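The values are calculated or read from the model by the stated rules, or taken from the named source; none is laboratory data. Predicted model only: the values in this text are computed from it and were never measured. Cβ placement follows ideal geometry from the backbone for every residue including glycine, while neighbour counts extend to all protein chains displayed.
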Amino acid sequence: MKIVIPTDGRQGLGEKIAKHFGRCNTYTFVDENGKILEIIDNTSRHMKGAGLPPELIKKHGVDILLCHELGPRALTLCKELGIEIYCDVAQTVGGIFEKWKNDKLKKATAEDVCEEHKK
């Protein structure tokens, strides 16, 4: 199982979670035990690259996305790609991972879409 968390940098479990899934600087990948597997730059079109963020993370074999919030298109595309999504306000990679591991997170729904996309 591979889990991804949108992040601001490369500090592993102590790194801050990025506010928005698609506009993060990096993606931090962990396994089901919380071990850091890799950290990659966000090379999606949101960051002047190519492709959509869900497509980018799926290419890295992601099963689960843990994030603060995401837009409605990202929510739909992740679900279509078979990626489970959980949203929370935890501040660090380690913090959100521990909540997920201890079943303290609920699966994301349309109500978890970020405020700027609800307007």
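Quick rundown of the values:
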read-out: Filtered residues of region 19-47 (kept if assigned to a strand (DSSP E or B) and either surrounded by 14 or more Cβ atoms within 10 Å (Cβ to Cβ) or among the β-branched types (Val, Ile, Thr) (or both)); value: Thr26, Tyr27, Thr28, Phe29, Val30, Ile36, Ile39, Ile40
read-out: Any hit, region 66-75, residues being modelled with pLDDT of 95 or more and either charged (D, E, K, R) or outside any helix (DSSP H, G or I) (or both); value: yes
read-out: Ala50 being within 18 Å of Asp112 (Cα to Cα), in a loop (DSSP other than H, G, I, E, B) and hydrophobic (A, V, I, L, M, F, W, C); value: no
read-out: Region 76-100, subset farther than 13 Å from Ile3 by Cα and among the small types (Gly, Ala, Ser), residue surrounded by the most Cβ atoms within 10 Å (Cβ to Cβ); value: Ala90
read-out: Residue in region 25-38 that is under 14 Å from Ile3 (Cα atoms), of a type in the set (Phe, Trp, Tyr), out of contact with any Lys or Arg (no Cβ under 7 Å at 6 or more places or on another chain) and in contact (Cβ under 8 Å) with a residue 12 or more places away in the chain present; value: yes
read-out: Region 48-68, subset in contact with a Phe, Trp or Tyr (Cβ under 9 Å, 6 or more places away or on another chain) and aliphatic (A, V, I, L, M), residue surrounded by the fewest Cβ atoms within 10 Å (Cβ to Cβ); value: Ile64
read-out: Search result, residues across region 77-98 that are outside any loop (DSSP other than H, G, I, E, B) and within 17 Å of Arg23 (Cα to Cα); value: Leu77, Cys78, Ile85, Cys87, Thr92, Val93
